[in-house]
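J.: Quick one: the structure is below, and I'll ask about it shortly.
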Amino acid sequence: MINELSLVTTSIKKAEHKHRLDKIIKGIFLFITLVCASIIVVVTVFIIYKGVLPFIKKYTESGDTGTASLSYFFSGLRFQNGFDDQTGKFLYGVGYLIVNTLFINVVAALISVPTSILTALFIARIAPKPLAKIMQAGIDLLAAIPSVIYGVFGIGVIVPVVKTIARNVFNISSASGISLISGALILALMSIPTMISLSVTSLKTVNEEMIKGSLALGASKTQTNFKICLKSAKSGIFAGIILGFGRALGEATAISMVSGSPTYGITSSIFDPTVTLTSQMLLSLGEAVPDSLNYDVRFSAGICLMAIIIITNVILNDVKDHISSVEKKPLLITRFGLFLKGLLSKISSFSLKAIANVEHR
Amino acid sequence: MEINAGIEKEEVIEPNQKKVFTVKNLNLFYGKKQALKSINLDIYKNKVTALIGPSGCGKSTFLRCLNRMNDLIDDCKINGELDFNSQHVNQMNTIYLRTQVGMVFQQPNPFPMSIYDNVIYGPRCQGIKKKDVLNELVEKSLKEAALWDEVKDRLKANGLALSGGQQQRLCLARCLAMRPEVILMDEPTSALDPIATSKIEGLIETLKKNYTIVIVTHNMQQATRVSDYTAFFMLGELIEFNTTNEFFSHPKEKKSNDYITGRFS
Amino acid sequence: MSNIDNQVLVDQAEFFKRNRKRKIKDFFSASSTYLFSSFSIVALIAIVVFVFSKGWSTLSWDFLTSDYESQLWNVETSSSIEQTTNTFDYSPKEDEYFSSKWGIAFTDSTDNESLAIVKVSYVDYNANINSLIDSSSQDPFTLKEGETIESVQLWTTSDPETASVMVVSSKDGASKMQEAFDSCSYLKNMTISTGGGGIRGSLISTLYVILITMVVALPLGIGGAIYLGVYSDSLKGPLKPLAKILRNLIDMISGIPSIVFGLVGGIVFLPLVGGKGNLISGSLTLACMILPIIIKSTEEAIRAIPKNMSLASLALGASETQTTFKVILPNSVPGILASALLGIGRVIGESAALIYTAGTAIQDYIIPTQGSATLAVHIWSLMSGESQNYEASCAISIVILFVILVLNILIKLLSLKINRYQKGK
């Protein structure tokens, strides 16, 4: 009996031991997860710290001492414009880069959105099954190609084609092919696979009953595809577009290879070379000395890039919720607009009252 | 079986009744499996024909033959004679057939658009664009489906925002907007609550003045309430076809009797 | 306009008229899908065709294994070896030019930049040209087959007063070189080179980066996935939203552009290893970038395991830890493999982040604590200079694309294994 008792106590002890071990191990895994999750916090903190530094700390470059000018930062048309003796500030401008970035990405979206929606419709609904499988595999492969190779393809094929078209069709004889449109084409090519994948998934899961209903009413297959399937898959297609657009905004290597590196101004023609936030951050990296103003101001550009990505994400997601909800959720913009309207009317009524009071006296 | 004496029903099949569909020796195969065996049946104009029978007996499959929705199923082979207004159905333009023969499904399936767009979807697909024609169609169809009063102020609202019964009436209105000759209904009330069900059954009564209706139902009481003719299917065969009154009071086949008395369902 | 009272909407004749219009509209709509689909596929084919056509000829075992820097020697003959009498015997092959006077055969070839060069294809055992001296070190130098003759200065006699000089270089071609050798009897000096343009260094750098990145990222990623997939469901009360927050934070990592990672990696990781660009810092940066990929794939594989398995294990008296390590981990190995392959695919193609943290210098001898270009960065530096080297870039691209293709196929096979529980083993 004593033996059995000791068996029981040892097994209880063992169980408690196991339980404690469980807690420790669970804690270790939690710790690991916290480390992973903290990466984004660390990145954000560093970028903001280093990015704000140029406007706070005084730098000494080739004899001049000062901070960077905030107003020039947002309005300037040249990345590195020297030192302004009057204000005592360094002039580093990214305003034009922001405009260029948006310009090239909008052009790229104009190309990639229709292409990916129609291709997705083709793969999901129109193509015969074996062809659809092959195309889907091809699209997956396109998605895996690294950006440098897109850059090589861009310089090797896209740039000469654009050059020929610009010279022969548009009579722009100075075109070298290194241009905004080449960059936009490459960006479009890179974001199309992402957009297609999500759209295909969405289109494939359209309610079969709805399709049957449409056909039973005398609609043709094509009419059903365009009027019902696309409408039904709206939110998935839009989600794919948002994801692809976000990726394109962050692209650096391929753009810098294909769009060139002009140092001045907002690009006005699609056939001119252009520089974006991302490609400027890559340029002349070799000469940038850590902790110099030139180096730190790239972080400021990084903050702008992140801000643009986050803002476009929020706006586009809001639009997506609006168009895909049943009750038509109001857009943030309209709500903001209504808020402003309310504010203005309050202010005007208040000031009217104040004027009336003064007159009364 | 209670037969509702208040509503006029066919006592006998009149010999000069106009036939909308005539079916002779219809066989249907899903691959190797035969789902319909030698069906001989007539659908009469401006009458309600109910197709009843236990699950898997082929009544929905037969219904789908009438507007060629079986074409959507791979490996489905049909032989025999199926005529719509004396034209062979398999020689007609499928889309044209479907404009003349509409269908309401078991699960309400309104499109993700406004109520207005839902109703005129069919006519729009046929190229009808004139605003006044469309507006009139919407009002008429929604009135015929007894939905107009409930939605006339919110025609632009999304169709999916309606309740289940309203959605099914919307699907009916959508069907009616095509002004078809025949309306096929595949268990239209099985997904609805009793109040919505009775609304639809009342509609069937008024609609049959202008339309021919074929309704599949697994609910015998519903068949007795709404239909003029009843066709009893079992295991792919048509066991018996007669006026509803006659079928339920004096069934000719033993199998019909067994079904009516609830031996199997 | 109440002509729609009880009649049909469209009678048969009007139907067919409208039907024709509809068919035309449908045709245009459908063709637009065909058109745009072909644009996407044509682009893919164009990329592959372009890369292969430009790079295939440059791709060779030599290319993969030789140094980037070519080696150069300046050599001269030792104490006036004059080639007057010996006639060497050799039957030259079709593209060879044999100098019977000197006993060397020359052949035309191209280097890794597709420039014409002349290579030595045969040296007779007894040839005097074998006893050469390296001009700078005065060490003996033996001419070997496969080496390239960059240029050579030949005199007709060894007497500087009477000799006439012939200078032949690689771009003159093998035939001219052979003629020059045959017509001169004294070799003044010669520049020999070997190798060059190879990508061995970049290949090794890439392998180092993959290794270090995986060593760091896999344990962290698998650990995170285990927590989120196994333990986080049992969070209770106020801690319940923690799992969702953690998952969101990890997902947000994939939204950060790689160049931003490069910048931050530069200030966080570079000081750890000396301060200048190096492979270890680059790998650490990449490890952060691929964490979301690894965590997502592994968590998916873990969640694909039927709950019954872990419940059965617990019911048998095993602890949570034992269940995790003995039941869940072994069964999620295909998923872990797939996530590793996905991570490797991402690492191979990454350029922007590495440009910042590992530098763009193409090295031949790799030390992890020094900067070096990986394959992708190698392409970048070849293409962003004044002159672009299409051939070498495309050759490297072929290597990268091939690896990505293989990875893709493996991942697809693995995902079939992961989902085996859905269909039943």
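J.: Going by what's in this entry, would B:ILE183 be described as part of a strand (DSSP E or B) and within 13 Å of another protein chain (Cβ to nearest Cβ)?
T.: yes
J.: Ok, one more. Which of the residues belonging to the stretch C:270-287 are polar (S, T, N, Q) and part of a loop (DSSP other than H, G, I, E, B)?
T.: C:ASN278
J.: Can you name the number of the only condition in (1) more than 30 Å from the chain's Cα centre (by Cα); (2) of a type outside the set (Phe, Trp, Tyr); (3) part of a helix (DSSP H, G or I) that C:ILE290 fails?
T.: The single condition C:ILE290 does not satisfy is (1).
J.: Moving on to the next point. What do you reckon, is A:GLY27 more than 7 Å from every other protein chain (Cβ to nearest Cβ), part of a helix (DSSP H, G or I) and more than 26 Å from the chain's Cα centre (by Cα)?
T.: yes
J.: Continuing with the same structure: For C:GLY277, all conditions in the list (1) at pLDDT 85 or above; (2) within 26 Å of A:ILE255 (Cβ to Cβ) hold save one; what is the number of the exception?
T.: Only one criterion in (1) at pLDDT 85 or above; (2) within 26 Å of A:ILE255 (Cβ to Cβ) is unmet by C:GLY277, namely (1).
J.: Out of contact with any Pro (no Cβ under 6 Å at 6 or more places or on another chain), crowded, with 22+ Cβ neighbours inside 10 Å and without any contact (Cβ under 8 Å) to a residue 60 or more places away in the chain - does that describe any residue in the stretch A:228-242?
T.: Looking through the stretch A:228-242, at least one residue is out of contact with any Pro (no Cβ under 6 Å at 6 or more places or on another chain), crowded, with 22+ Cβ neighbours inside 10 Å and without any contact (Cβ under 8 Å) to a residue 60 or more places away in the chain.
J.: With respect to C:VAL327, is the statement that it is out of contact with any Gly (no Cβ under 9 Å at 6 or more places or on another chain) and within 12 Å of chain A (Cβ to nearest Cβ) true?
T.: no
J.: Follow-up. Being in contact (Cβ under 8 Å) with a residue 60 or more places away in the chain, in a loop (DSSP other than H, G, I, E, B) and not assigned by TED's automatic domain parsing to the domain that holds C:ASP159, is that true of even one residue in the stretch C:256-269?
T.: Yes, the stretch C:256-269 contains at least one residue that is in contact (Cβ under 8 Å) with a residue 60 or more places away in the chain, in a loop (DSSP other than H, G, I, E, B) and not assigned by TED's automatic domain parsing to the domain that holds C:ASP159.
J.: Next question, about the same structure. Looking only at the stretch A:83-128, how many residues end up being closer than 21 Å to A:LEU189 by Cβ and not assigned by TED's automatic domain parsing to the domain that holds A:CYS304?
T.: Summing the residues that are closer than 21 Å to A:LEU189 by Cβ and not assigned by TED's automatic domain parsing to the domain that holds A:CYS304 in the stretch A:83-128 gives 0.
J.: Considering only the stretch A:83-100, state which residues are part of a loop (DSSP other than H, G, I, E, B) and either over 14 Å from A:PHE73 (Cβ atoms) or at pLDDT 85 or above (or both).
T.: Once the filter is applied, which keeps residues that are part of a loop (DSSP other than H, G, I, E, B) and either over 14 Å from A:PHE73 (Cβ atoms) or at pLDDT 85 or above (or both), the stretch A:83-100 yields A:ASP85, A:GLN86, A:GLY88.
J.: Looking at (1) surrounded by 16 or more Cβ atoms within 10 Å (Cβ to Cβ); (2) part of a helix (DSSP H, G or I), find the lone condition where A:GLU209 falls short.
T.: Result: A:GLU209 fails condition (1) only.
J.: Related question: Of all the helices (runs of 4 or more DSSP H) wholly in the stretch A:146-205, which have at least 1 residues that are within 14 Å of chain C (Cβ to nearest Cβ) and more than 30 Å from A:ALA239 (Cα to Cα)?
T.: A:159-168
J.: Could you please let me know if C:THR369 is under 17 Å from the mean Cα position of the chain (by Cα) and not in a helix (DSSP H, G or I)?
T.: Here the answer is no, as C:THR369 does not meet what is asked.
J.: Another question, if that's okay. Taking A:LEU217 as the residue in question, decide whether it is farther than 25 Å from C:SER258 by Cβ and among the aliphatic types (A, V, I, L, M).
T.: Considered against the rule, which asks whether it is farther than 25 Å from C:SER258 by Cβ and among the aliphatic types (A, V, I, L, M), A:LEU217 comes out as yes.
J.: Still on this model: State which residue is surrounded by the most Cβ atoms within 10 Å (Cβ to Cβ) when the search covers only the stretch C:215-260 and only residues that are among the charged types (D, E, K, R) and closer than 27 Å to A:ARG247 by Cα.
T.: C:ARG247
J.: What residue, among those in the stretch B:79-130 that are away from chain A (no Cβ under 14 Å) and among the small types (Gly, Ala, Ser), is nearest to B:PHE29 (Cα to Cα)?
T.: B:GLY80
J.: Something else about it: Given the criteria buried (at least 22 other Cβ atoms within 10 Å of the Cβ) and more than 30 Å from A:ASN100 (Cα to Cα), does A:ALA219 qualify?
T.: For A:ALA219, the condition - buried (at least 22 other Cβ atoms within 10 Å of the Cβ) and more than 30 Å from A:ASN100 (Cα to Cα) - is met.
J.: Another question, if that's okay. Go through the stretch A:275-303 and give me each residue that's out of contact with any Asp or Glu (no Cβ under 8 Å at 6 or more places or on another chain), at pLDDT 85 or above and of a type in the set (Ser, Thr, Tyr).
T.: A:THR276, A:SER279, A:SER300 - these are the residues of the stretch A:275-303 that are out of contact with any Asp or Glu (no Cβ under 8 Å at 6 or more places or on another chain), at pLDDT 85 or above and of a type in the set (Ser, Thr, Tyr).
J.: Right, something else. Do we find a residue being farther than 24 Å from C:ILE290 by Cα and within 14 Å of chain C (Cβ to nearest Cβ) anywhere in the stretch A:57-80?
T.: No, there is no match, as no residue in the stretch A:57-80 is farther than 24 Å from C:ILE290 by Cα and within 14 Å of chain C (Cβ to nearest Cβ).
J.: A:SER268 - would you say it is small (Gly, Ala, Ser), surrounded by fewer than 23 Cβ atoms within 10 Å (Cβ to Cβ), facing chain C (nearest Cβ under 10 Å) and more than 30 Å from C:LYS23 (Cβ to Cβ)?
T.: no
J.: Can you list the strands (runs of 3 or more DSSP E) found entirely within the stretch B:23-122 that contain at least 1 residues being farther than 21 Å from B:ILE200 by Cβ?
T.: Those strands (runs of 3 or more DSSP E) span B:33-44, B:76-84.
J.: Moving on. Need pairs with beta-carbon distance below 9 Å; first residue at positive phi and within the stretch C:139-162, second assigned to a strand (DSSP E or B) and among the charged types (D, E, K, R); sequence gap 6+ or separate chains.
T.: Going by the 9 Å Cβ cut-off, the qualifying pairs are C:GLY146/C:LYS119.
J.: Take the conditions outside the structural domain of C:GLY371 (by TED's automatic domain parsing), buried (at least 21 other Cβ atoms within 10 Å of the Cβ) and at pLDDT 80 or above and apply them to C:MET166. Does it pass?
T.: So C:MET166 fails the test.
J.: Mind checking which pairs have a first residue in the stretch B:250-265 that is of a type in the set (A, V, I, L, M) and a second that is not in a helix (DSSP H, G or I), Cβ under 7 Å, 6 or more apart or different chains?
T.: From residues that are of a type in the set (A, V, I, L, M), the pairs are B:ILE260/B:MET1; B:ILE260/B:PRO251.
The values are calculated or read from the model by the stated rules, or taken from the named source; none is laboratory data. Because the structure is predicted, anything quoted here is derived from the model rather than measured. Note that we place each Cβ from the backbone using ideal geometry, even for glycine, and neighbour counts take in every protein chain shown.
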